[in-house]
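Single-structure report; data block below.
The values are calculated or read from the model by the stated rules, or taken from the named source; none is laboratory data. A quick note: this is a predicted structure, and the numbers were derived from the prediction, not measured. Every residue, glycine as well, gets a Cβ built from its backbone with ideal geometry; the counts of neighbours run over all protein chains shown. In case anyone asks, the SASA skips ligands and DNA or RNA and just uses the protein heavy atoms, side chains included. Shrake-Rupley method; radii C 1.70, N 1.55, O 1.52, S 1.80 Å.
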Amino acid sequence: MKILITGGSGFIGSNVAEAYLSAGHEVVVADNLSSDSAACLPSDVRLYPISIESPDFGNLLKLEQPDVINHHAAQKSVPMSVENPMLDARINALGLLNVLEAAVQHNVRKIIYISSGGALAGDAPVIPTDESYIPKMISPYAIHKYLGEQYLHFYSVTHGLEYTVLRYANVYGPRQIADGECGVVPIFMNNLLSNQPCTLFAYANQPRGTTRDYVYVKDVCAANVAALTKANQAVLNIGTGIEVDTETVYEELAQLIGRELPLIRRPERVGDVQRSALDCRKAAELLDWKPTTPLRDGLRETLAWLEDSRRKPSAEAHR
Ligand SMILES: NC(=O)c1ccc[n+]([C@@H]2O[C@H](COP(=O)([O-])OP(=O)(O)OC[C@H]3O[C@@H](n4cnc5c(N)ncnc54)[C@H](O)[C@@H]3O)[C@@H](O)[C@H]2O)c1
């Protein structure tokens with residue numbers, strides 16, 4: 001199968017590219033290279049430095065004729081979307097529409113669309129939360145991810161486009177970079193390795209910090225491989241169902257690295273979802289998928305990658 005991955009030079013997209021190659025598929029990537037990225041794509045992946053907003057996106061599909069588009073490209077920061085809703089709409093709503101219009105015109109069979117379980121199910125009354133929960137969206141990022149899901153339904157009904165929506169929990173693993181507010185795992189790892197203190201933001205009634213559902217990127221890749229042939233017209237949570245508080249992540253990392261530094265404790269930040277975890281039974285049923293990597297093993301592999309890339313900071317070392 002030939003698969004075009006948008007955002008395929010980012011953290012998750014580049015891991016998915018390798019998983020598709022390993023499964024014997026042909027992969028091309030469309031990415032405007034706007035994120036700092038630790039990815040270095042294998043030489044047998046063709047990279048087109050193009051935006052999903054570009055009027056030339058259709059020409060790329062005409063040239064490459066992929067069977068499936070795997071849509072990872074996005075503005076991924078929730079705070080940025082609050083600050084600049086127009087920017088988020090341009091990339092996450094209009095950019096997706098541009099991809100969908102081109103997909104229909106150039107006979108793409110299926111879209112795998114990456115949405116966010118964490119943003120859509122944040123602070124739901126039932127945790128772990130399943131896909132039937134109607135989200136109460138408090139950020140343009142969540143609104144546009146949800147809008148994208150509705151557009152897929154529209155294109156499937158009107159144009160017969162197949163789709164699977166994967167709503168990710170908190171993904172961590174090799175190639176994730178510490179960039180500001182996203183990614184507690186790389187932020188804590190980098191700080192501990194550099195002998196810098198880590199900051200824990202916590203609600204007064206939940207002093208060990210907010211809870212999240214941490215899913216390892218290799219498990220996420222397996223879901224993307226399964227979605228090539230399964231779960232058409234379905235919206236699926238991709239996580240572990242396990243709530244882990246931030247202090248536990250810190251303790252696991254401190255133990256792995258063998259270094260304990262004092263935690264700086266701060267009150268919660270505006271908009272911090274207090275508790276979150278995803279019920280993933282639907283993915284188990286429709287994708288025949290389950291996460292298999294315990295948190296400690298995933299953290300150990302991520303740490304090995306980070307230590308390696310800090311020793312050899314060339315692009316190749318990041319592979
Ligand atoms: N990391 C997580 O925990 C998480 C959780 C839920 C959902 N997601 C979603 O997963 C996807 C990938 O996230 P990531 O963490 O790998 O982020 P990332 O920033 O590493 O990857 C995103 C990629 O998209 C590219 N991109 C951005 N705007 C583009 C545009 N206009 N045209 C073409 N390419 C563009 C960037 O250059 C980057 O390579 C995103 O859709 C994000 O919303 C991530």
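Is there a residue in segment 130-144 that is in contact with a strand residue (DSSP E or B) (Cβ under 6 Å, 6 or more places away or on another chain) and open to solvent by less than 10 Å² (accessible area, probe 1.4 Å)?
No.
Just one of (1) within 23 Å of Thr210 (Cβ to Cβ); (2) among the β-branched types (Val, Ile, Thr); (3) open to solvent by less than 20 Å² (accessible area, probe 1.4 Å) trips up Ile127, so point out which.
Condition not satisfied by Ile127: (3).
Every residue, every condition in (1) without any contact (Cβ under 8 Å) to a residue 60 or more places away in the chain; (2) within 17 Å of the chain's Cα centre (by Cα); (3) assigned to a loop (DSSP other than H, G, I, E, B); (4) closer than 17 Å to Asp272 by Cα, yes or no:
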{"residue": "Phe154", "(1), (2), (3), (4)": "yes, no, no, no"}
{"residue": "Val165", "(1), (2), (3), (4)": "no, yes, no, no"}
{"residue": "Pro174", "(1), (2), (3), (4)": "no, yes, yes, no"}
{"residue": "Asn190", "(1), (2), (3), (4)": "no, no, no, no"}
{"residue": "Asn195", "(1), (2), (3), (4)": "no, no, yes, no"}
{"residue": "Gly209", "(1), (2), (3), (4)": "yes, no, yes, yes"}
{"residue": "Lys218", "(1), (2), (3), (4)": "no, yes, no, no"}
{"residue": "Ala223", "(1), (2), (3), (4)": "no, yes, no, no"}
{"residue": "Ala231", "(1), (2), (3), (4)": "no, no, yes, no"}
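Of all residues being in contact (Cβ under 8 Å) with a residue 24 or more places away in the chain and in a loop (DSSP other than H, G, I, E, B) in segment 251-263, which is least open to solvent (accessible area, probe 1.4 Å)? Just the residue, please.
Selected residue: Leu261.
List every residue pair whose Cβ atoms lie under 8 Å apart, where the two residues are 6 or more positions apart in sequence or sit on different chains, the first residue falls within segment 264-293 and is on the phi > 0 side of the Ramachandran plot, and the second residue, located anywhere, is among the β-branched types (Val, Ile, Thr) and surrounded by 15 or more Cβ atoms within 10 Å (Cβ to Cβ).
As it stands, the answer is Gly271/Val78; Gly271/Val82; Gly271/Ile138, since those pairs meet every condition given.
Thr248: among the hydroxyl-bearing types (Ser, Thr, Tyr) and either touching a His at 6+ places or on another chain (Cβ under 6 Å) or in a helix (DSSP H, G or I) (or both), yes or no?
Here the answer is yes, as Thr248 does meet what is asked.
Looking only at segment 66-106, count every residue that is more than 18 Å from the chain's Cα centre (by Cα), more than 23 Å from Ala226 (Cβ to Cβ) and in a loop (DSSP other than H, G, I, E, B) and tell me the total.
2
Under the condition of being in a loop (DSSP other than H, G, I, E, B) and among the charged types (D, E, K, R), which residue from segment 131-150 is farthest from the ligand (Cβ to nearest atom)?
Step one: filter segment 131-150 for residues in a loop (DSSP other than H, G, I, E, B), giving 131-139.
Retained after the next criterion (residues that are among the charged types (D, E, K, R)): 131, 136.
On the way: Glu131: 14, Lys136: 17 Å.
Here the answer is Lys136.
Could you tell me how many of the residues in segment 30-52 are near the ligand (Cβ under 9 Å from one of its atoms) and of a type outside the set (Asp, Glu)?
Counting residues in segment 30-52 that are near the ligand (Cβ under 9 Å from one of its atoms) and of a type outside the set (Asp, Glu) gives 12.
When you scan segment 114-130, do you find a residue that is over 26 Å from Gly298 (Cβ atoms), more than 13 Å from the ligand (Cβ to nearest atom) and part of a helix (DSSP H, G or I), even just one?
No, segment 114-130 has no match at all.
I need every pair where a residue in segment 82-93 that is within 17 Å of Asp31 (Cα to Cα) and of a type in the set (Val, Ile, Thr) has its Cβ under 7 Å from the Cβ of a residue that is within 12 Å of the ligand (Cβ to nearest atom) and open to solvent by 60 Å² or more (accessible area, probe 1.4 Å), sequence separation at least 6 or different chains.
Ile91/Glu53
Take the residues in segment 26-63 that are without any contact (Cβ under 8 Å) to a residue 24 or more places away in the chain and under 30 Å from Asp308 (Cβ atoms); name whichever of them is surrounded by the most Cβ atoms within 10 Å (Cβ to Cβ).
That would be Tyr48.
Hey, can you tell me all the residues within segment 64-94 that are of a type in the set (S, T, N, Q) and either within 14 Å of the ligand (Cβ to nearest atom) or open to solvent by less than 30 Å² (accessible area, probe 1.4 Å) (or both)? I'd like the intermediate steps shown before the answer.
First, pick out the residues of segment 64-94 that are of a type in the set (S, T, N, Q): 65, 70, 75, 77, 81, 84, 92.
If the condition is that a residue be of a type in the set (S, T, N, Q) and either within 14 Å of the ligand (Cβ to nearest atom) or open to solvent by less than 30 Å² (accessible area, probe 1.4 Å) (or both), then Asn70, Gln75, Ser77, Ser81, Asn84, Asn92 are the ones that fit.
Restricting to segment 1-20, name every residue that is away from the ligand (no atom under 13 Å from the Cβ) and either part of a strand (DSSP E or B) or in contact with an Asp or Glu (Cβ under 7 Å, 6 or more places away or on another chain) (or both).
Result: Met1, Lys2, Ile3.
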